[in-house]
Each structure stands twice: as C-alpha cells, then as structure tokens.
Amino acid sequence: MLSFLASSSVEDNTLQQSSHDDEILDAYSNTIIEVVEKASNSVVQIRVLKKTAQGPSQRIRQPQEAGGSGFIISSDGFVITNNHVVSNSDKVEVGLMDGRLFEATIIGTDPYTDIAVLKIYADSLKPLRFSDSDKLKVGQIAVAIGNPLGFQYTVTAGVVSALGRTLRSETGRMIDDVIQTDASLNPGNSGGPLVNSRGEIIGVNTAVIAAAQGICFAVSANLTKYVAGKLILEGRVKRAQLGIAGQIVNLSERMIGYNKLSTRTGVYISEIIADANANNDELRRGDIIVGLNERPVSSVDDLHKILNDELINRRVIVSILRGGTRKDVKVLAGELK
C-alpha cells in the first residue's frame, strides 16, 4: 500500500511538472507567434540585378541576380537593408508579403556600417518601430525574419548572446555596437530585422561566421537609426579624417613609462596624404599617434570612432610620440569622401 502511494505521488509530481513545462513552452511559443504576426508584414524581399564584368576585356557586363531581406521603417516607403545587398546594382526590386513588387530607388548607402536605405512608392505599408538598443540585455529574446537561401519569410528565434561587439566592414573599418545573437542566419537574411519580444527592431542582420554555429551579428538599432536618418536627409554619412595612412605599433616600456601613457600601442603614421582636404602639415611620417582630443588612441579603429562628422573642418589636438617624446599638435580635420 505504501509502495502504491509513493508511486502515485511520483506520477502526480511528474504530471504536474509536465503540465508546468507545457505552460512555459506555450508562453514562449505564443511570444514568438505574436512577434511574427506584428513584424512579418513589414519585412520585404530584396531582388537585385548586380553589375558584373565578363571576359578578358572586362567590357561585357552580364547582370547577375542576387537577393536579401529588408524592412519598412515608414508609411511613405523607406526601407532598410544592407549595403552589401544592393551595392553595384543595376536594378533593385522590393517584394512585399502580400505579393506586390516595386522597383526601388536607392536613397543612400553607407559601406562603413553596411546600412542602405531604399524608397518604394506604395500604399498600405506597415512600418516597424525602432527600440532603444542601449537597453538591451544579454539573454533576452531575439527573433530574425528574412529570406534565407530564397525561402521567403523564414523565422528563427534565439537570444541576444552578447552586446558591444565590433565587426569589420567591407571597407576595412570597424562597425561598433554590434549585437551577437544565436538566432540562425543564412545568406539571404542580410538586411532583415532582428526584433525583440514586442516586435520592435533591435538590429539589422548583417553577418555570420561560416565555420561557427550560432554566432551571428546584427548592427544595433540605435546605430542603424542614426545612419538611416543621415542617409535620408543628406544621402550619405559624413565622417572626419586626418589625411594619413597608419598601422598599429607596439610601444616600448620606456615610452609608456616616460610619457605616462594609458595604452600599450599607438598608430604609426606611414604616409601623409597630401590631397585629403585636411590641414595636417604638423604631422610627420614616423610619428605615433597616441591620443586625439585628450582621448587615448591605441589603434586605427580608435581613430575611426573619434573622427565623427562633428570634427569635420575643426581643429583637433593630436597627441603624438616623436623621437620617443609626447607632443601635442593641431590638425584641421577634413571630410572623408
């Protein structure tokens, strides 16, 4: 009798646990379903005819079809996708979930962040809202919607795996504030949205690591919103430059100690670019940049982060090591073309 009661108790507990697990699973499933219902009508398919050269003379151009994803951000037809999806294109078409197809105009592209803005002229558009990606937490739900490998409106779900990653763009410049996620991405997902549990944009899916599993990247919503705004208003994103070519170099312990530096590397100036529309006469080849406007510089990427559009045509203080001794010089920053 005691044995029977014990067995019944175990079975009851198992049933209760199973019921509880089902409730949790249903809650998670319902969240994903609600997200898809909110966001999927705003996701678009991008179809591109790209410019390619063929033959030894490189004169005969044959259009090549390519594709990706995107999403609507305004009721008047602005669409965001990746720069690498639409760059060097002859024709771009945007397909909506309801089957409508529109030829798109490229409003602007920014290869430095891999963001592009398109425009279509259509009615009854449903835009997605941007979230504040600065409030993201590692572990929160992340849902990707796109057209991987030609399979339209595919949904994958995961979590925000890490924040504040950096990713190197096709230009060689680092993209800051990148979100890492394990929501599965494949070719064709590029340019599609990564959304939160409320169906709001937290990022733009942009890259995967081919040899890895569950390591995918998205440009953050806040950076995307800033870049898209600049592209819509001005057609491009302006950035400052010093007019140099440089590379990272290790600093000796003597240099670090004598000059009381907070970094162990700097940027060695290998070339002064004369026609870079920057007044950089006080810089010399062989100088090592260790600071800019009192902010430490340990790499070329640090310079890229600091040289934003606010510094164009402004005098900046560049801290350099010349002959092993720290010196501050003034440079009139130019605009990166």
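The values are calculated or read from the model by the stated rules, or taken from the named source; none is laboratory data. It should be emphasised that the depicted structure is a prediction, and the values quoted were computed from it without experimental measurement. Backbone-built Cβ (ideal geometry, glycine too); neighbour counts: all protein chains shown.
What the table shows:
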| read-out | value |
| --- | --- |
| Count - residues of the stretch 72-109 that are surrounded by 23 or more Cβ atoms within 10 Å (Cβ to Cβ) and of a type outside the set (A, V, I, L, M) | 4 |
| Residues that are in a loop (DSSP other than H, G, I, E, B) and surrounded by 18 or more Cβ atoms within 10 Å (Cβ to Cβ), drawn from the stretch 110-121 | TYR112, THR113, ASP114, ILE120 |
| Boolean, GLU170 is within 25 Å of PHE78 (Cβ to Cβ), surrounded by fewer than 24 Cβ atoms within 10 Å (Cβ to Cβ), in contact with a Ser or Thr (Cβ under 6 Å, 6 or more places away or on another chain) and outside the structural domain of GLY95 (by TED's automatic domain parsing) | no |
| Qualifying positions in the stretch 214-262 - basic (Lys, Arg) and either touching a strand residue (DSSP E or B) at 6+ places or on another chain (Cβ under 7 Å) or more than 21 Å from ASP132 (Cα to Cα) (or both) | LYS225, ARG236, LYS238, ARG239, ARG254, LYS260 |
| GLU200 vs. criteria within 20 Å of ALA228 (Cα to Cα) and free of Cβ contacts under 8 Å to residues at least 40 places away in the same chain | no |
| Residue check for ASP134: assigned to a loop (DSSP other than H, G, I, E, B), farther than 23 Å from LYS50 by Cβ and either touching a strand residue (DSSP E or B) at 6+ places or on another chain (Cβ under 9 Å) or not aliphatic (A, V, I, L, M) (or both) | no |
| Complete set of residues in the stretch 181-203 that are under 10 Å from the mean Cα position of the chain (by Cα) and closer than 20 Å to LYS135 by Cβ | GLY203 |
| Given (1) crowded, with 19+ Cβ neighbours inside 10 Å; (2) within 27 Å of the chain's Cα centre (by Cα), number of the condition ARG236 does not satisfy | (1) |
| Residue identified as closer than 15 Å to ASN83 by Cβ and out of contact with any strand residue (DSSP E or B) (no Cβ under 6 Å at 6 or more places or on another chain) among ARG168, ARG198, ARG173 | ARG173 |
| Conditions (1) farther than 17 Å from ALA39 by Cα; (2) surrounded by fewer than 17 Cβ atoms within 10 Å (Cβ to Cβ); number of the one not met by LYS126 | (1) |
| Among (1) crowded, with 17+ Cβ neighbours inside 10 Å; (2) part of a strand (DSSP E or B); (3) not assigned by TED's automatic domain parsing to the domain that holds THR265 - the single one GLY246 does not satisfy | (3) |
| Scan of the stretch 164-181 for residues that are under 15 Å from SER220 (Cα atoms) and without any contact (Cβ under 8 Å) to a residue 40 or more places away in the chain, ordered by number | GLY164, ARG168, GLN180, THR181 |
| Out of ASP309, ASP287, ASP301, sole residue that is among the acidic types (Asp, Glu) and modelled with pLDDT of 95 or more | ASP287 |
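Conditions tested, residue by residue: (1) in the same structural domain as ILE80 (by TED's automatic domain parsing); (2) in contact with a Gly (Cβ under 6 Å, 6 or more places away or on another chain); (3) in contact (Cβ under 8 Å) with a residue 60 or more places away in the chain.
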| residue | (1), (2), (3) |
| --- | --- |
| ILE269 | no, yes, no |
| GLU282 | no, no, no |
| ARG285 | no, no, no |
| ASN293 | no, no, no |
| VAL318 | no, no, yes |
| LYS327 | no, no, no |
